[in-house]
Amino acid sequence: MKRVTRFAPSPTGYLHVGHAYSASLAYRQAVESDGHFLLRIEDIDGTRCRSEFEQGIYEDLNWLGLKWEEPVRRQSEQFEDYAAILERLSEENLIYPCFCTRREIAEEIARSDSAPHGPDGPLYHGTCKQLSDSEREKLFQGNSPYALRLDMDKAMAVPGAQDLTFNELGKGQIACNPAKFGDIVLARKETPTSYHLAVTFDDALQGVNLVVRGQDLFEATHVQRLLQHLLQLPVPDYLHHGLVSDTKGRRLAKRDKGATIRSLREKGYTPEEVMKLAGFGKN
Ligand code: GLU
């Protein structure tokens, strides 16, 4: 099977050795199956993404010897696409506006003795689900900021949503449990998408049939599988790989300056040596 894979970094920092591993693993899956390797820039968060980091991504991947197909999809240029799929979910009554501020949500959670927790933290308590149409209208008119949340109960009531699975290479079918995420935010007034919505839509649009990414996003797949179901999108296979850690066994992060591909290059490392550091060649 020809694999269409992608590497989808957010330009919020320079790439590190863990990214080198992830990108190369996706690249190899594509090349070895005579498929396609795509690069996608996940830059929906305009406050954290910087063009110098985006340039750094191209430079570092080039230096590692990876070749991707053009044009590169930049999510910040696709907001109309995301607005259109949100509209579909809205027509099916699966999303609702939430006007609670982050502070109000935190206070509500602090007040409650048993706020349920999901993989991304405490779950939203659902206040805005109870708003009447006229209350909603008033808040919209008042120009209040809002988030659009998935109504998880309604989503799980869509036929088939309870029985979703995804294929993890080497492990087989994994049963999904997206309900544990609660009413996740799918968009905000000023940003018509969230990570989950954009990534799910883009993987389908770009024909990605194998999603290679770190184990830290394994839980996210449960939600993304649900969105695929709700939006009737094709379902790729998945390969969640282990994370590269530093010499003390801690997971690498973009703030670990010493482990960036760029700093290793400046210290005189070759691409082969960086790949070895990333873990290739050990197995
Ligand atoms: N953009 C995400 C990140 O930088 C990765 C998205 C994905 O691979 O699904 O962590």
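All of the numbers you see were taken from the coordinates with simple rules; none came from a lab. The shown structure was predicted, so the numbers you read here are calculated from the model rather than taken from an experiment. We place every Cβ from the backbone using ideal geometry, glycine too, and count neighbours over all the protein chains shown.
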For region 151-283, what is the percent of antiparallel DSSP beta bridges, rounded to the nearest 5?
-> 50 percent
Nearest 5 is fine: what % of DSSP beta bridges in the chain come out antiparallel, could you say?
-> 55 percent
Leading residue at positive end of dipole, region 1-151 (Cβ point charges), from 39, 145, 51 = 39
Among the aspartates and glutamates, which fall within straight-line cross-link reach of residue 2, defined as a Cα-Cα distance under 19 Å, with same-chain neighbours fewer than 8 residues apart omitted?
-> 32, 34, 69, 70, 168, 202, 203, 237
If you place +1 on the Cβ of every Lys and Arg and -1 on the Cβ of every Asp and Glu, how big does the dipole about the Cα centre of region 122-207 come out, in debye to the nearest 20?
-> 180 debye
Can you pull a Stokes-Einstein diffusion coefficient for region 178-283 at 25 °C (0.890 mPa s), Rh from Kirkwood over Cα pairs, as a whole number of µm²/s?
-> 149 µm²/s
Region 1-95: C-alpha gyration tensor shape, a/c 1.5 cut-off, then a/b vs b/c | oblate
State, as an integer percentage, the relative contact order of region 125-283 based on alpha-carbon contacts under 8 Å between residues 6 or more apart.
-> 19 percent
Once you have the Cα-Cα distance between residue 138 and residue 272, take 0.36 nm times their residue separation minus that, and quote the gain in nm to one decimal.
-> 42.2 nm
Going by alpha carbons, how many degrees (0 to 90, nearest 10) lie between the helix axis of 79-91 and the longest principal axis of the chain?
-> 40 degrees
How many nm is it between the label spots at residue 103 and residue 180, if each spot is 7 Å from the Cα in line with the beta carbon?
-> 3.3 nm
Sorted by average packing, counted as other Cβ atoms within 10 angstrom per residue and highest first, what order do 3-12, 85-94 take?
-> 3-12, 85-94
Over what distance in Å are the Cα centres of region 119-185 and region 11-83 separated?
-> 28 Å
Of the options 97, 132, 264, report the single residue whose Cα projects farthest towards the positive end of the charge dipole of the chain (beta-carbon charges: Lys, Arg +1; Asp, Glu -1).
-> 264
What ³J(HN,Hα) values, in whole Hz, does the Karplus curve 6.51 cos²θ - 1.76 cosθ + 1.60 give for region 5-15 when θ = phi - 60°, with x put for Gly and Pro?
-> 10, 8, 10, 10, x, 9, x, 10, x, 6, 5
If R0 = 51 Å, then residue 72 and residue 113, at their Cβ-Cβ distance, give a FRET efficiency to the nearest 0.05 of 0.60
Helix-only CD estimate at 222 nm, as mean residue ellipticity for the chain, using -39500 (n - 2.57) per DSSP H run (n ≥ 4) = -11000 deg cm²/dmol
Of the residues 11, 181, 241, the Cα lying farthest along the dipole of the chain towards its positive end, which is defined by charges on the beta carbon of Lys, Arg, Asp and Glu, belongs to 241
Would you mind working out the magnitude of the charge dipole of the chain relative to its Cα centre, with +1 at each Lys and Arg C-beta and -1 at each Asp and Glu C-beta, to the nearest 20 Debye?
-> 940 debye
In debye to the nearest 20, the charge dipole size for region 71-170, taken about the Cα centre with +1 at each Lys and Arg Cβ and -1 at each Asp and Glu Cβ, equals 260 debye
For the chain, modelled as a GNM with alpha-carbon contacts under 10 angstrom, which of 122, 159, 97 fluctuates the most?
-> 159
Gain in span if fully extended, residue 91 to residue 45, counting 0.36 nm per residue against the direct Cα distance | 14.0 nm
For residue 215 and residue 12, calculate 0.36 nm times their separation in residues minus their Cα-Cα distance, and state this gained length in nm to one decimal.
-> 71.1 nm
Zone of residue 251 (label point 7 Å along Cα→Cβ, backbone N under 16 Å): which residues in region 185-200?
-> none
Computed E for residue 262/residue 241 - FRET, C-beta separation, R0 22 angstrom, nearest 0.05 = 0.50
Stokes-Einstein D for the chain, Kirkwood Rh over Cα pairs, 37 °C, 0.692 mPa s (µm²/s) = 161 µm²/s
